[in-house]
Amino acid sequence: ALTKKEALELVDEIPDIEQLWFPQDKVREEQYKEAVRSCDCRQWVKIIKALYMRQQERMAQGKKITEMDEKYFHIAEDNLHAELALALGKDKADMKDFLISRFDEIQPV
């Protein structure tokens, strides 16, 4: 489990964490399975970032996100929110708003 300090450091690093993306569905699913099992918050962030960007691209093309991508997005997001909530002493349901507010704070003006 993360300490409060580690959790806040991780949140601040999120903009700099690379996406975990593989164009081939089979390879991507294997990598995502491995990342989810790793119990590594940074790996979960990589999945979330990649799939968020893919979702935006697909929506722009008038397509829906694939079932597999949606599944791993939700698993990674749920795991990350649970871990951060525990470390920060917050409610898991509040994590999305907390993260959004943190990103708004660190955006350049």
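The values are calculated or read from the model by the stated rules, or taken from the named source; none is laboratory data. Remember, predicted model here, so these are calculated numbers, not experimental data. A quick note on method: Cβ atoms are made from the backbone with ideal geometry, for glycine too, and the neighbour counts reach across all protein chains shown. Ligands, DNA and RNA are excluded from the accessible area calculation, which covers all protein heavy atoms including side chains. Shrake-Rupley method; radii C 1.70, N 1.55, O 1.52, S 1.80 Å.
Worth a mention:
- Selection status of GLU105, at pLDDT 95 or above, surrounded by fewer than 17 Cβ atoms within 10 Å (Cβ to Cβ) and over 19 Å from LEU2 (Cα atoms): no
- Scan of segment 59-76 for residues that are open to solvent by 30 Å² or more (accessible area, probe 1.4 Å) and under 18 Å from ILE14 (Cα atoms), ordered by number: HIS74, ILE75
- The lone exception for GLN43 - which of (1) assigned to a loop (DSSP other than H, G, I, E, B); (2) within 16 Å of ALA82 (Cα to Cα) it fails: (1)
- Extreme residue, nearest to LEU2 (Cα to Cα), among residues of segment 64-96 that are in a helix (DSSP H, G or I) and of a type in the set (Lys, Arg): LYS92
- Among the residues of segment 1-58, just one is among the hydroxyl-bearing types (Ser, Thr, Tyr), open to solvent by 60 Å² or more (accessible area, probe 1.4 Å) and under 14 Å from the mean Cα position of the chain (by Cα), namely TYR52.
- Test: residue in segment 79-96 that is of a type in the set (S, T, N, Q) and either under 14 Å from ILE17 (Cβ atoms) or surrounded by 11 or more Cβ atoms within 10 Å (Cβ to Cβ) (or both): yes
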